[in-house]
Structure formats: structure tokens, C-alpha cells
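For reference, the structure is listed below as C-alpha cells.
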Amino acid sequence: MNIKGHLLKILLLFVLVGSIVNADIRVVPFYEIHGNSVYYRTENGLEKLQNADAKIFEILGYHIAKDKNSVYYWDEKLNKIDPKTFEVVEGYYITMFKDKNGIYYLDYGKLLNSELKDVQNAFIKLEGADIPTFKAFGYGYSKDKNRVYCEYKEFKGVDVPSFTVVREDE
């Protein structure tokens with residue numbers, strides 16, 4: 001093969017690699033609703049989410065949803081969470097949320113580093129958090145009128161009223 005043939009192959013390889021790198025990657029939704037049933041995705045396909053109410057089932061993020069009776073993380077009901085007052089506080093991947101009883105932080109480390117994948121204990125309540133004044137900034141930082149938090153721990157020695165997070169995109 002001559003030099004032009006090799007160059008053409010290299011050019012086509014660059015075009016192919018560039019197309020793959022710049023591809024619009026879509027995330028497959030974790031939950032699907034078909035008729036009166038709700039399903040969740042497993043490595044073996046779709047499985048029915050038992051007792052979920054498809055008529056009012058609300059997908060709040062990639063792996064968290066609720067209906068009138070329960071809040072679900074993957075296929076597991078969260079026992080300590082009130083579905084009627086449940087709200088996402090931060091982001092699609094949901095690291096922080098609240099209900100009438102408190103503010104919660106989802107510690108992904110507890111899920112990833114545990115053989116048991118103890119979902120119930122991965123949702124950590126921010127003890128003493130003031131719900132009406134709570135604000136999440138992103139990057140794991142949040143505050144209320146009394147405290148600043150880094151993830152679920154109080155960030156001590158910080159001037160609460162002036163604390164803010166400066167994001168790169170602002």
C-alpha cells in the first residue's frame with residue numbers, strides 16, 4: 001500500500017475516534033412506567049417495583065423516585081423519609097434532600113465501600129439543621145442560619161452569614 005493509502009486510513013481513524021469522543025451519550029433511565037406498573041433496571045433487564053403507584057410515580061433523579069406512599073432509592077424503599085414532603089435540594093444525582101423531619105445527605109461512599117450496600121444508613125440526617133433556612137451550594141457545601149456543612153459534617157470556624165461557594169462557571 002502506498003503512502004496515500006496509509007494517510008487515508010489514519011485520517012479515517014481520526015474521524016472515527018473523534019466521532020466516538022464527541023458522541024452524545026445518553027443515560028438509560030433507571031425507572032420506567034408501563035401501564036399501571038413501575039419497573040427498575042437491573043443488569044438482567046427490567047424488574048417490577050412492587051407496590052409502586054404508577055399513576056403518581058415521580059422520577060426525581062437517575063436513581064431516586066417517589067409515589068404517595070414511599071421514596072425509592074433504586075429498588076429499595078427509604079423507611080425514614082416522608083414521601084409527602086420529600087424534596088430534592090441538590091442535583092440530579094441527589095446528594096441532598098429534605099422532608100418535614102430534616103435535611104439528609106446521601107453518602108455515596110457508604111454505598112460504594114460497603115459489601116452490604118446498606119441504603120438506609122447511607123442517608124445521613126444533618127442533626128440540628130434548620131429546614132426553612134437551609135441552602136445547598138453544590139460541591140458538598142451547604143448552610144442554614146446556624147451552621148455551615150461540608151457533606152453531612154458541620155464545618156466549624158466559619159462565619160455563617162458570609163459563607164458562600166464560588167463556582168468556576170459563575
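The values are calculated or read from the model by the stated rules, or taken from the named source; none is laboratory data. Please read all numbers here as calculations on a predicted model, not as lab measurements. Backbone-built Cβ (ideal geometry, glycine too); neighbour counts: all protein chains shown. Surface accessibility is based on the protein's heavy atoms, side chains included, excluding ligands, DNA and RNA. Shrake-Rupley method; radii C 1.70, N 1.55, O 1.52, S 1.80 Å.
Before moving on, here are some points about what is shown:
- The packing ranking, built from the mean of other Cβ atoms within 10 Å per residue, places the peptides 149-156, 62-69 in the order 62-69, 149-156, highest first.
- L60 accessible area, 1.4 Å probe, all protein chains in place, Å² to nearest 10: 40
- Carbon/sulfur fraction of accessible area - region 61-170, other protein chains in place, 1.4 Å, %: 49
- Here is the P(r) of region 70-170: all C-alpha pair distances, binned every 5 Å from 0, give 2, 12, 23, 24, 18, 12, 6, 2, 0 in whole percents.
- Computed E for D82/L111 - FRET, C-beta separation, R0 22 angstrom, nearest 0.05: 0.50
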